[in-house]
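A short worksheet on the structure shown next.
Bear in mind these aren't lab numbers, they're just calculated from the coordinates by the rules spelled out. Owing to the predicted nature of the structure, the values given are computational and were not obtained by experimental measurement. Cβ sites come from the backbone with ideal geometry, for glycine too, and all protein chains shown count toward neighbours.
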Amino acid sequence: MIVYVATEKDNSCLSIKTAKGVELRSGPAPNHQTVDLSGVDILYFDIESYPLPAIRKVLSLLQRREITIPWGVLCKTQHAEDPALFFQEGACDYLGPSLVVEEGLSVRRLKRALSLAAYLSRGKCSEIEEEEMPATSGNEGEQKKSSPPYRFPGWQKIQVGRTYPFYLVYVTLDQQDHIKESLGDSRFQELRSALHRLLTPLVSPVDGLLWMQRNCSFLFLVPYEERRISRVIEQLLRFFLNFPLITCEELHLDRPVGLIAAIHGGELPFAPPGQTGSVISEAVNFIHHLGMKRAEVGRLTLSAPVASAIPATLGSLFVSAGTFEGYALTQSVRFFPEGNK
Amino acid sequence: MKIKSALASLSVRVLYESFNAEMLVRIGKLLIPGYDIHARSGIPENIPITAQTAASQLLKDVLVEGRYLQLIELLLRINREGFMGREYPVCYLRELLKGIAAEGYLYDSTSGLFMERGEGQITPHWGRLIEGEELQFVLFRLDIVQNSLIVRDNPKERVDQAYGELREIVHKAVYKRMGRVWAWEGDGAIGAFLFGNKHTAAVCAAMEVLHELFFYNRLSNPLDRPLQLRLAVHGGPLKYSFYSDELKRNEVIREIGEIEASCAKPDTLVVSENVFMDVDRIIQDLFGPLASWKGYKTRSYSVRVGESR
């Protein structure tokens with residue numbers, strides 16, 4: 001069993017006692033490609049070198065590189081002030097000073113940590129699946145639980161009429177009738193084209209597809225893989241923060257307009273863009289209801305199947321927002337809140 | 001600046017078909033202080049100069065002085081506004097602009113100035129400024145907070161990585177708005193804007209840098225602490241120089257340094273009132289109230305998050 005200790009201190013891990021069968025490696029946190037985690041079973045952060053924000057950054061970088069590894073923390077001289085915080089972030093073990101210095105790392109201990117990591121990861125998956133399909137029959141739900149993680153086959157292999165899981169990304173301008181009235185038809189069409197030009201690059205790097213468009217409302221399909229929608233969440237948050245600049249410089253509007261965005265995950269029978277009129281799907285209905293009735297201006301609203309894809313280090317920018325039509329919601333905080341200048 | 005012979009011939013034609021010799025000498029004096037066409041051409045003062053000869057000589061002289069683009073900018077202004085109360089329609093302007101575009105320059109109708117297209121090499125002087133040329137600039141300055149502590153407490157490769165990524169963020173925000181980054185020193189940078197709506201462009205570039213940093217600190221900062229900046233935007237007349245020591249003698253550069261160091265808090269952009277007045281309203285609304293310090297009137301902006309509308 002190979003254990004990697006991320007530390008800034010030289011040889012600090014050498015003082016950790018290990019049982020037979022446990023190989024200890026140490027070095028800087030795997031921020032860079034140069035740190036090789038191949039074969040490593042579990043990663044421990046020395047919290048005297050890496051406080052929680054630094055750990056979050058490393059985990060986020062690993063997530064971007066699509067590396068998933070069980071992780072824990074250790075402290076050699078002094079206990080962490082609030083060890084529970086690490087578990088809330090997804091840690092599967094905590095090695096305090098007495099364990100590090102006196103007892104040491106046993107295979108049994110590591111196995112328990114790894115099984116906790118496996119349990120947490122399974123729990124996360126099943127939680128997503130349960131929340132994803134509240135209206136589906138029990139059989140379908142059970143079928144999904146036992147199936148391996150979904151891999152998108154590519155748009156060329158997607159068959160019309162067959163049902164696939166997708167993330168549905170809805171983006172719209174608030175009060176479009178009012179905007180249209182004040183701008184006039186041709187200027188409104190320009191606005192629609194500009195928005196199309198600006199929104200497409202947010203989803204195209206993850207193979208997103210503009211599926212439906214009506215005036216300045218857009219519905220994109222993104223393949224149902226968490227790493228893809230994580231990237232879209234990040235890009236949409238940037239879009240919200242930059243929206244005043246975009247309004248002024250790209251949309252050439254002289255007064256603020258409201259932007260609304262929502263993401264949901266679910267299954268739908270695929271039809272090509274432009275031929276979606278006959279699609280009957282609970283997920284499509286839900287995302288439209290969510291976007292039009294519940295999502296707030298200036299915030300990104302996520303339904304339960306999407307919340308787990310929020311990048312770990314952006315978690316503090318989201319808050320719980322109650323439920324809507326049976327789904328728990330999470331919303332991003334608002335940039336530029338009034339009365340906070 | 002060197003131009004192709006076809007463009008040179010067209011330019012001479014534009015000059016002598018649009019103006020008489022006397023007017024061409026006036027144009028020469030506007031571009032080159034103390035311009036004396038007789039001295040330059042060697043034609044004695046008692047011999048009259050034809051418009052065609054004057055046009056050829058003027059073009060030759062402005063090319064030697066590196067003021068060809070300034071000549072065409074002046075022709076465009078005279079065509080638009082007239083000169084001393086009289087109208088002077090300038091012929092073949094469309095062809096002239098086409099020829100200049102083929103040389104790699106674009107005309108910015110907002111500022112009335114040409115600039116390099118920026119598709120290949122991007123120069124700090126937009127391929128057109130000349131030594132001592134005085135124009136109204138909007139400047140942008142940033143300073144890395146606690147630079148020495150960052151350098152002391154982090155391994156060199158991480159500092160290099162973070163500062164390299166910061167440069168990319170700044171260059172992207174500045175170049176896409178037709179601005180230029182003039183200098184990177186150890187803990188900061190200075191940039192300039194001259195074209196388009198330069199006031200809004202400079203302020204938006206600085207805001208974008210703050211926005212990008214907001215995400216950079218959360219997603220990929222390799223340092224042991226958040227990378228924080230103090231930013232300032234200020235404008236005024238500036239005599240351009242290719243030499244940084246000479247450039248720094250400009251009052252406006254001294255002022256922006258003072259504004260940034262004294263008025264901007266970490267993670268904050270401070271904009272002087274003279275720039276702020278010309279910024280689009282939609283951006284102005286995001287700034288705080290007017291503040292004063294040692295005669296500088298400023299407004300500040302920082303990324304804020306919250307729950308309320």
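Name the GluC sites (Glu not before Pro) in the stretch B:1-59 that are in a loop by DSSP and that have at most 15 other C-beta atoms within 10 Å, would you?
B:Glu45
Helix A:52-64: angle to the longest alpha-carbon principal axis of chain A, degrees 0 to 90, nearest 10?
Taking Cα atoms only, the helix is inclined about 60 degrees.
Stokes-Einstein diffusion coefficient for the stretch B:5-103 at 10 °C in a medium of 1.306 mPa s, Rh from the Kirkwood formula over Cα pairs: what value in µm²/s?
This corresponds to a translational diffusion coefficient of 117 µm²/s.
Restricting everything to alpha-carbon atoms, can you work out Rg to Rh for the protein assembly as shown with a Kirkwood hydrodynamic radius?
1.07
Sorting B:Trp182, B:Trp126 on the 10 Å Cβ count, fewest up front, what's the list?
B:Trp182, B:Trp126
If you take every DSSP beta bridge fully contained in the protein assembly as shown, what fraction is antiparallel? Give it as a percent rounded to 5.
75 percent
Pull up all non-local amide H partners of A:Ala29: gap of 5 or more, or a different chain, and H-to-H distance under 5 Å with H placed in the peptide plane.
Residues meeting the amide H criterion: A:Thr7.
Sort A:Ser98, A:Ser115, B:Ser111 by Cβ crowding within 10 Å, fewest neighbours at the top.
Final ranking by Cβ density, sparse to dense: A:Ser98, A:Ser115, B:Ser111.
Per-residue mean of other chain beta-carbon atoms within 10 angstrom of the beta-carbon, peptide B:279-291?
Mean shielding by partner chains, rounded to a whole number: 3.
Quick one: Cα centre-to-centre distance for the stretch A:218-284 and the stretch B:266-304, in angstrom?
After rounding, the separation between the Cα centres reads 32 Å.
Given the C-alpha atoms of the stretch B:190-309, compute the convex hull and give its volume per residue in Å³.
Per residue, the Cα convex hull of the stretch B:190-309 comes to 143 Å³.
Helix A:185-203 versus the longest principal axis of chain A: what angle, 0 to 90°, nearest 10, using Cα atoms?
The helix A:185-203 is inclined about 20 degrees to chain A.
For chain A, evaluate the Debye formula with one uniform point scatterer on each Cα (no solvent term) and list log10 I(q)/I(0) at q = 0.13, 0.15 Å⁻¹, rounded to two decimals.
-1.03, -1.22
Return the long-range amide H neighbours of B:Trp182 (sequence gap of 5 or more, or a different chain), with a cut-off of under 5 Å between placed amide H atoms.
So B:Trp182 has HN proximity to B:Ile190, B:Gly191, B:Ala192.
How big is the charge dipole of the stretch B:5-103 about its Cα centre, in debye rounded to the nearest 20, if each Lys and Arg gets +1 on its Cβ and each Asp and Glu gets -1 on its Cβ?
So the dipole magnitude of the stretch B:5-103 works out to roughly 140 debye.
By a straight-distance test (C-alpha under 18 Å), which aspartates and glutamates pair with B:Lys248 as possible cross-link partners, with residues fewer than eight away in the same chain excluded?
Counting by Cα, and skipping residues close in sequence, B:Lys248 has these aspartates and glutamates nearby: B:Glu131, B:Glu133, B:Glu134, B:Asp143, B:Glu185, B:Asp187, B:Glu258, B:Glu260.
Could you pull out every whole DSSP H run in chain B that spans at least 18 Å of Cα extent along its own axis and averages 0.0 or higher on the Kyte-Doolittle scale?
Long hydrophobic helices here: B:5-18, B:51-64, B:68-81, B:198-219.
Rank B:Ile169, B:Val151, B:Ala206 by how far each Cα sits towards the positive end of the charge dipole of the stretch B:134-302 (+1 on Lys, Arg Cβ; -1 on Asp, Glu Cβ) and give me just the farthest.
Of the candidates, B:Ala206 comes out farthest on the positive side.
If you count the DSSP beta bridges with both ends in chain A, what percent of them are antiparallel, to the nearest 5?
60 percent
For the pairs B:Lys2/B:Lys176; B:Lys4/B:Lys239; B:Lys265/B:Lys294; A:Lys9/B:Lys172; A:Lys9/B:Lys156, flag any whose C-alpha to C-alpha distance is greater than 25 Å.
Pairs exceeding the cut-off: B:Lys2/B:Lys176; B:Lys4/B:Lys239; A:Lys9/B:Lys172.
Please list the non-local residues whose amide H lies under 5 Å from the amide H of B:Phe137, H modeled 1.01 Å from N, same-chain partners needing a gap of 5 or more.
HN-HN under 5 Å from B:Phe137: B:Gly236, B:Leu238.
Taking θ as phi - 60°, what are the ³J(HN,Hα) couplings along the stretch A:109-119 by the Karplus curve (6.51, -1.76, 1.60), each to the nearest whole Hz, with x for Gly and Pro?
4, 5, 4, 5, 5, 5, 6, 5, 4, 5, 4
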